[in-house]
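A short worksheet on the structure shown next.
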Amino acid sequence: MSQPSRKISLTGIQSTGDPHLGNLVGAIRPALKLAESYETMYFIADFHAVNAVRDPQQLQHNIRSVAATWLAAGLDPSRTIFYRQSAVPEIFELNWVLSCVTGKGLLNRAHAYKAARDRNIEAGKDPDDGVNMGLFNYPVLMAADILIMEANVVPVGKDQVQHVEYAADIAGSFNHLYGDKYSFVIPEVLIPESEKARTVPGVDGRKMSKSYGNTIPLFLPENKLKKLVRRIPTDSTPVEEPKDPDSSSVFQLLELFGPDDLVAETRKRLEAGGMGWGEVKNQLFEVLNTELAPMRERYDELMAAGSDLDKVLAEGAERARERASRVLKSVRSAVGIDA
Ligand code: TRP
């Protein structure tokens, strides 16, 4: 008797550098939480990253670093199938089949490609100046990532919604042609709760984002974390005067990460006067450090040479390939490559 199977949640992670608190709260933790209600498949989109990172050593570092980050943040590889895209060659075979059923016009309208074109036209250059086929075909490879695992939902940020819609479109084209023999599952976007709720403020009060340079990286050594928290801007109201707690991201961050009673008491003391920002910064440092210290330790262990990182990923790839090869077999026979 087969078990009633749970729906599959799948997402790809493309690292663009050091992970920060905003990533943890906005992406990593919500995705990990989904493991309670879905069968989860999470992978490192390392072949996608080739088009963004041209330095081979940097790419190697990023691959290990993303993997170590998610494991340190609590990804349980016995529960979540965790693998590298590059370790599942079936994805790349499917990529070709999908490109044969994808209209070029669809890809012409993809956000990233269209933005590059518009910039070129604006600058009076050839519209395709500097555009490579990796950028143009990016959505097809992403569709292959999703469809080969028969994912039901894909948790992504807003910037990736169009890509998931494209995967659904491409699946539809395939199903229209070959659906009597094999049909892909049509995937849906899942916007994690936290994206809808409040975002993590960066040290300057704007949304924490790498592009603003206002992040709190997850794995800073303790002394650097302390220095960074100390440098968060606050107004210069003297200690004895009442303060608006919400005027600084020091308090906003404390609110997000601190225990409720501490937060309530600090709010009261700031509003009453007599509490300085320096003291709030100490509280925030303690709260963050308590939360991040065990993760930092696990991350460092995993990043060390000879750790079990590669083994974990290899085991994940093996499980991912079981599913991928089953789907690919159906696809090959549906299109007539195999009998
Ligand atoms: N494009 C995604 C990003 O930049 C990463 C990604 C690659 C992905 N393949 C995927 C996400 C498949 C979800 C599903 O964040």
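Quick notes on this structure:
- Karplus 3J(HN,Hα) series, Hz, for segment 60-69 with 6.51 cos²θ - 1.76 cosθ + 1.60 (x for Gly, Pro): 4, 4, 4, 4, 5, 5, 5, 4, 5, 4
- Pairs of alpha carbons in the chain whose separation is greater than 32 Å (percent): 40 percent
- From phi via Karplus (6.51, -1.76, 1.60), per-residue ³J(HN,Hα) for segment 200-214 in Hz, x at Gly/Pro: 7, x, x, 5, 9, x, 7, 3, 5, 7, 4, 6, 8, x, 10
- Residues of type aspartates and glutamates that residue 181 reaches as a straight line, Cα spacing below 14 Å, ignoring anything fewer than 8 places off in the same chain: 338
- Backbone HN-Hα couplings from phi across segment 239-248 [Karplus 6.51/-1.76/1.60, Hz, Gly and Pro as x]: 3, 6, 7, x, 10, 8, x, 7, 7, 10
- The chain: angle of helix 277-303 to the longest principal axis, Cα-based, in degrees nearest 10: 40 degrees
- Fluctuation leader among 52, 272, 123 - the chain, Gaussian network, Cα springs under 10 angstrom: 123
- In plain terms, the bigger the Kirkwood radius, the slower the diffusion; for segment 61-133, with that radius from Cα pairs, at 20 °C and 1.002 mPa s, Stokes-Einstein puts D at 135 µm²/s.
- Between amide H atoms placed 1.01 Å from N, distances below 5 Å from residue 20 occur with 218, all of them 5 or more places distant or on a separate chain.
- Set of aspartates and glutamates with alpha-carbon distance to residue 114 below 19 Å, sequence-local pairs under 8 removed: 122, 126, 128, 129, 159, 165, 169
- Distant-in-sequence amide H partners of residue 148 (H built 1.01 Å from N, under 5 Å): none
- Degrees, to the nearest 10: 90-99 long Cα axis against longest axis of the chain: 70 degrees
- In a simple Cβ point-charge model (Lys, Arg +1; Asp, Glu -1; nothing else charged), segment 73-223 has a dipole of about 340 debye relative to its Cα centre.
- Cα centre as origin, Lys/Arg/Asp/Glu Cβ charges: segment 32-76 dipole, Debye: 180 debye
- Cross-link pairs beyond the 29 Å C-alpha cut-off, checked among 33/207; 281/311; 158/243; 158/226; 33/243: 281/311; 158/243; 158/226; 33/243
- The chain, relative contact order [Cα under 8 Å, separation at least 6], %: 22 percent
- Principal axis extents of the C-alpha atoms in segment 106-222 (largest first, rounded to whole Å): 57, 42, 26.
- Put a plus charge on the Cβ of each Lys and Arg, a minus charge on the Cβ of each Asp and Glu, and nothing anywhere else: the dipole of the chain about its Cα centre is then about 440 debye.
- Among 245, 274, 225 - extreme Cα towards positive end, dipole of segment 217-339, charges at beta-carbon: 225
- Axis of helix 161-178 versus longest Cα principal axis of the chain: the two differ by about 20°, to the nearest ten degrees.
- Listed peptides 29-38, 63-72, 243-252, 283-292 by packing density, highest first (mean Cβ within 10 Å): 63-72, 243-252, 283-292, 29-38
- Sequence ranges 295-301, 139-145, ranked by mean other-Cβ count within 10 angstrom, highest first: 139-145, 295-301
Every number in this text was worked out from the coordinates using simple rules, so none of it is lab data. Given the structure is predicted, the values throughout are model-derived calculations rather than measurements. Glycine also receives a Cβ, built like all others from the backbone with ideal geometry; neighbour counts cover every protein chain displayed.
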